[in-house]
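Read the figures in this text as sums done on the coordinates, not as results from a lab. Being a predicted model, the structure only gives us computed values, none of them experimental. Every residue, glycine among them, receives a Cβ derived from its backbone with ideal geometry; neighbour counts consider all protein chains shown.
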Amino acid sequence: GEKPLKCLELGGRNGGPSLWLALKGHHVVCSDIENPEPIASKLHQQYTFDGVVEYAQINALQIPYESHFDVIIAKSIVGGISRNGQDHIKKEVIDQVIKALKPVGIFLMAENMQASPMHTWARQKFVNWGDQWNYFTTDDLELLSQFEKVHCKTTGFFATFGRNEKQRKSLGVFDQVLEPLIPETYRYVLIAAAQKSQ
């Protein structure tokens, strides 16, 4: 098959994206600010995959690699490390990612969006860290302008309100039907794929 890609997951405490890449046969460094192995390896050991997962302690503000990775993936970390309104940190993370990617490498990012006033209210009520978290807004997409190509998609609206898996599944069906009708800024997960220039 194709040559395995060198991948890095940032903020990979639970190791989900690392598993996804390893199942596709790629070589992944699963990293977090503290070594994620104790938690992430429990998930990884439940699967058989052709890829390789290794674990590392990496601070996303100081990635110790240059032009090394084909893919860097980060799920909901930029908002966390820039909490309490530290917008400059979002840019620092993106700069580090660009440095660590090979030319034409890909950055895959999933981030929580500010979303709608209703989501903001629900988060303040239900999620204890909701008010410190520095949510992504559509303006933050400017940060990705250093990349050559960027594809973005926002997804999800009602499913976030489900209190259990069954509710979330049935609400997810509404998302699919209504998605075209909901303004971009009212959706709550941003998925971006950004490609570094040559």
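Among 40-52, 8-20, how do they line up from the highest to the lowest mean number of other beta-carbon atoms within 10 Å? It would help to have the intermediate numbers written out before the result.
Numbers: 40-52: 13.6, 8-20: 22.9.
Packing proxy ranking, top to bottom: 8-20, 40-52.
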Point to revise | Lys42 versus Gln62: modelled label distance in nm, points set 7 Å from Cα along the beta carbon direction | key: 2.9 nm
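Which pairs, out of Lys24/Lys102; Lys149/Lys169; Lys90/Lys196, put more than 24 Å between their alpha-carbon atoms? Mind dumping the intermediate values first?
Details: Lys24/Lys102 20 Å; Lys149/Lys169 32 Å; Lys90/Lys196 17 Å.
Checking Cα-Cα distances, Lys149/Lys169 exceed 24 Å.
Give the calculated FRET efficiency between Val150 and Ile33 to the nearest 0.05, with a Förster radius of 30 Å applied to their Cβ-Cβ distance.
Details: r = 26 Å, r/R0 = 0.87.
Computed FRET efficiency for Val150 and Ile33 comes out at 0.70.
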Point to revise | Under-5 Å amide H pairs with Gly25, H placed in peptide plane, nonlocal only | key: Asp50, Gly51
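Take the Cβ-Cβ distance between Asp95 and Asp50 as r, set R0 to 41 Å, and report the resulting FRET efficiency rounded to the nearest 0.05. Write down the numbers at each step before the final one.
Working: r = 33 Å, r/R0 = 0.80.
Computed FRET efficiency for Asp95 and Asp50: 0.80.
Sort 60-73, 25-38 by packing, meaning the average of other beta carbons within 10 Å per residue, with the highest value first. Walk me through the numbers before you get to the answer.
Details: 60-73: 17.6, 25-38: 19.9.
The peptides rank, most packed first, as 25-38, 60-73.
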